[in-house]
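Student: Sharing a structure here in structure tokens format.
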Amino acid sequence: MTGAARRPAETPAAPLARQAAEQAARTSYGRLLALLASRSRDIAAAEDALAEALAAALATWPERGVPDNPDAWLLTAARRNLGHARARGATASAGAETMAMLQDERDSTAPMPLGDARLQLLFVCAHPAIDAGVQAPLMLQTVLGLDAARIAASFLVAPATMSQRLVRAKTRIRDAGIAFAIPAPDQLAPRRAAVLAAIYAAYGTAHDDVPAVAEAQGLAGEAIWLARLLGELMPDDPEALGLLALMLFCEARRPARRDAAGGFVPLLAQDARRWDAAMLAEAEALLRAAARFRTPGRFQIEAAIQSLHTETVLTGTANPGPLLALYDLLLATAPSTGARVGRAVALAALDVAAALADLDALAARCTGYQPWWAARAHVLRRAGDTAGARDAARTAAGLASDPAVRNWLLAASQE
């Protein structure tokens, strides 16, 4: 045969090999990146090395077959890439790190740590030196491998802006020499709280997505995956359990939050038959497990509030007294404007005048806060002030970012 050599024909197993590479990238990205970055202290360089290893896997596994240990293969290849990159610009210290990584490669047959490196990476992303606004996006990119454009769309910023923020954060981690380690006991509480808050913030950006967008491949699913990871790595942390329970309560009801035409359906009007019963059962079990520690925190209390809302719909029986008590506990534990607005709505079932007075006390700080206007419309309607309720509903609609919620509020303002 003359001419250029032909590329070997793709084997029947090639699609499975590509699937194996993609699966390894999906399930092991965060662990592999954490292992690489914990040695190099350079997240960006570790990302580049891992990306090259994944590209090599997609190119070679379909022809040569899937290795017995795909994760070990990727880690070895990425370590080699990282070592070569450092060697090209080596200094004495960089050379020492390169030699250490080459030794890691020789030792790669030893069992790989599964969780500690990822937990360390989560705490690195929540370091006080990292701007709080970029902590959640940084976790999503480093632990889950989401690209900046996808993260930017979820956090409603331009892709270029998000990329710049992420680059600055990684540079800050490298230049400040932030340690890849679980914080000391005296530093653990605030960093742990930052990790939990960042994961919840990531989920919150997807909470109002339509069901088709926020399934397992959506940002909500990724945030829940992070919460599951944290629960596995910190099984004795009741707030980690509470956070996962809270998100599962909300996620289980997602299918019922839109009607057949895509219209918004408020919680008390939802068809509970459309809820995910298995997810609700898991949330209740997690909440009970967290309660055994007898150390209530913000996420446990918020999960308990969601549990009570769920029970109200399932049984058709309101529980305003217990609901108000939970809000009082939440305000004592983690006071916020949102919690105060929620308490006022709960109080309206018992004392409309007192609820309206509580909302009035928040008016100065809530002129642009959509939930406050929606709550005011609800309370004024209960008080019999139809005109006031309509005006508040129209204002709330104007501040709503979700078109379905906006339309529902506008319809309410016409009643």
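Student: Residue under question is L323, and the condition is that it be assigned to a helix (DSSP H, G or I) and under 29 Å from R406 (Cβ atoms); does it hold?
Tutor: Answer is yes for this residue.
Student: Please name all residue pairs, on different chains or six or more residues apart, with Cβ atoms under 7 Å, provided the first residue is in the stretch 327-341 and is over 14 Å from P296 (Cβ atoms) and the second residue is modelled with pLDDT of 95 or more and of a type in the set (G, A, S).
Tutor: As it stands, the answer is V341/A375, since those pairs meet every condition given.
Student: As an exercise: evaluate A290 against (1) more than 21 Å from L119 (Cα to Cα); (2) modelled with pLDDT of 90 or more; (3) not acidic (D, E) and give the number of the one condition it does not meet.
Tutor: (1)
Student: Which one of these is hydrophobic (A, V, I, L, M, F, W, C), assigned by TED's automatic domain parsing to the domain that holds L314 and not in a loop (DSSP other than H, G, I, E, B): A261, A281?
Tutor: Result of the check over A261, A281: A281.
Student: Kindly evaluate D42 against the criterion of being surrounded by fewer than 19 Cβ atoms within 10 Å (Cβ to Cβ), at pLDDT 85 or above and not assigned by TED's automatic domain parsing to the domain that holds T142.
Tutor: No, not satisfied.
Student: Tell me, which residue of the stretch 244-264 that is free of Cβ contacts under 8 Å to residues at least 60 places away in the same chain and more than 23 Å from the chain's Cα centre (by Cα) is nearest to R298 (Cα to Cα)?
Tutor: D259
Student: Another question, then. Do you know which of the residues in the stretch 342-392 that are among the acidic types (D, E) and not in a helix (DSSP H, G or I) is farthest from the chain's Cα centre (by Cα)?
Tutor: D385
The values are calculated or read from the model by the stated rules, or taken from the named source; none is laboratory data. In this text the structure is predicted, and so the values were computed from the model without any measurement. All Cβ positions, glycine included, derive from the backbone under ideal geometry; neighbour counts span all protein chains shown.
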